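S.K.: Okay, here's the structure, questions in a sec.
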Amino acid sequence: MTSDPDLISSVNVMELLGGIDHNMVTFVIHHQREIADNVREVREYSKANYDKIRSELANIDLDVLLVGSADE
């Protein structure tokens, strides 16, 4: 099963599986794992107030806001 002798322990050969010539095997795997905190913000766009967004955008004077070159 493995070349690492400390990875698996408590190996037991159990009774025959379903009356055929295969036996069940149980064992304990010693493996550490890191649990990542995958909290991610998900926006619910269906609940947005699009009328308010349109109203706010309509009140922005782009000629005043977009002055100068792209480098500036």
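S.K.: Using the Cα centre of the stretch 2-72 as origin and beta-carbon charges of +1 (Lys, Arg) and -1 (Asp, Glu), tell me which of ALA36, ILE60, MET14 is placed farthest towards the positive end of the dipole.
M.R.: Of the options given, the answer is MET14.
S.K.: Rounded, prolate or oblate for the chain? Axes are the square roots of the Cα gyration tensor eigenvalues, ordered a ≥ b ≥ c, and the cut-off for rounded is a/c under 1.5.
M.R.: Cα axes put the chain in the prolate bin.
S.K.: On to the next question. Given only helices, namely DSSP H runs of n ≥ 4 each adding -39500 (n - 2.57), what is the per-residue ellipticity at 222 nm of the chain, to the nearest 500 deg cm²/dmol?
M.R.: -4500 deg cm²/dmol
S.K.: What is the magnitude of the charge dipole of the chain about its Cα centre, with +1 placed on the Cβ of each Lys and Arg, -1 on the Cβ of each Asp and Glu, and no other charges, expressed in debye to the nearest 20?
M.R.: Here the chain has a charge dipole of around 340 debye.
S.K.: Further, regarding this structure: For ILE8, list long-range residues whose amide hydrogen, built 1.01 Å from N in the peptide plane, is under 5 Å from its own amide hydrogen.
M.R.: Under 5 Å from the amide H of ILE8: HIS30.
Read-outs: derived from the displayed coordinates by stated rules, not from any lab. These numbers come from a predicted model, not from an experiment. Ideal geometry is used to build each Cβ from the backbone, glycine not excepted, and the neighbour counts take in all protein chains shown.
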